[in-house]
Amino acid sequence: MKRPVLWLWLCLWVAGLNAWAGEVARLRVEAAYIDLHTGPGPRFPRHQVAERGEWIEVLKGRTGWYKVRTERGATGWVSAETLVQATRTAEGRRPVTGVAKLGDFSHRRWEFGVGGGDFGGAALISGYAGFAMTRNLSAEVSLAHVLGRYSDSLMANADLVAQPFPSWRVSPFFALGTGIIRTLPHATLIQAEDRTDPAGHGGFGVRWYLSGRFMLRAEFRRYVIFTSRDDNEDIDEWKAGLSFFY
């Protein structure tokens, strides 16, 4: 059971990195003009400009600078900060470059992460993907593998996550969601059956922006598992991990 979950996490990370690498491709100049340098750094002289309304194509990046080509065929280097401040994508959004800052953290669209923790006294490993619908509200899906003494469990969840202070470096959030949990007793147990139960949960946590595109995430959730038996189960979960965004 471990291998499919680990492969899914790997696919999420690779998909995120590929999308991040391909997001900055063609941009429209919104400032009066931007200077194009002969090399990747402020010490290189300015030799061309791209004017307002002109489209530029991003060719490659190096240490916070990007080589671009204008519609007229002129090429030059522009700093990542200039691209973020002076250009927009075809959808009218600020471009997300490989050199992220705190402002990019508060305007992120996608995030992916992995982590581990405790689920009712058992070890837990998990991965998630999230999409920001607004600066304050995002939707997330997650998978988790619980490694218990007498049984293992697989969980799949969907959440709405509210973040009241998205521009804070250490930003609290609140989550409410639902999902399913499949319990897989170990083969040594007699007369034990696999079972799948619905669950609801609520919780809170913090995102802590580190640098670049990385952040730490820690959270607590309380689950109510609606079992087929007469009583439901309440289980607490604590976990922390590393995430990246773009």
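Where a number appears in this text, it was derived from the coordinates with a stated rule and is not lab data. Source: prediction; values computed, not measured. Every residue, glycine among them, receives a Cβ derived from its backbone with ideal geometry; neighbour counts consider all protein chains shown.
Ordered by the number of other Cβ atoms lying within 10 Å of each residue's own Cβ, fewest first, Tyr33, Tyr246 fall into the sequence Tyr33, Tyr246. The simple spin-label model puts a point 7 Å past each Cα toward its Cβ; for Ala139 and Arg229 those points are separated by 3.5 nm. Take Thr89, project a point 7 Å from its Cα along the Cβ direction, then tell me which residues of the range 211-246 have their backbone nitrogen under 14 Å from it. Output list for this probe position: 245-246.
Considering every alpha-carbon pair of the range 25-95, the percent of pairs per 5 Å bin, from zero through the bin containing the longest distance, is 4, 20, 33, 29, 12, 2, 0.
Placing +1 at every Lys and Arg Cβ and -1 at every Asp and Glu Cβ, with all other atoms neutral, what dipole size does the range 25-95 have around its Cα centre, in debye to the nearest 20?
Values: 13 positive and 8 negative charges, 42 e Å.
My answer is approximately 200 debye.
Here Thr196, Thr134, Thr183, Thr89 are placed in order of increasing Cβ neighbour count within 10 Å, fewest first, which gives Thr134, Thr196, Thr89, Thr183. Ranked by how many other Cβ atoms sit within 10 Å of their own Cβ, fewest first, the residues Ile34, Ile180, Ile225, Ile56 fall in the order Ile180, Ile225, Ile56, Ile34. Remark: the range 89-182 carries a charge dipole of roughly 300 debye about the Cα centre, counting +1 on each Lys and Arg Cβ and -1 on each Asp and Glu Cβ. With the cut-off at 17 Å, report for the range 107-245 the share of all Cα pairs above it, as a whole percent. I get 59 percent for the Cα pairs in the range 107-245 exceeding 17 Å. Taking 0.36 nm per residue of separation and subtracting the current Cα-Cα distance, fully stretching the chain between Ala218 and Arg52 would add 55.4 nm.
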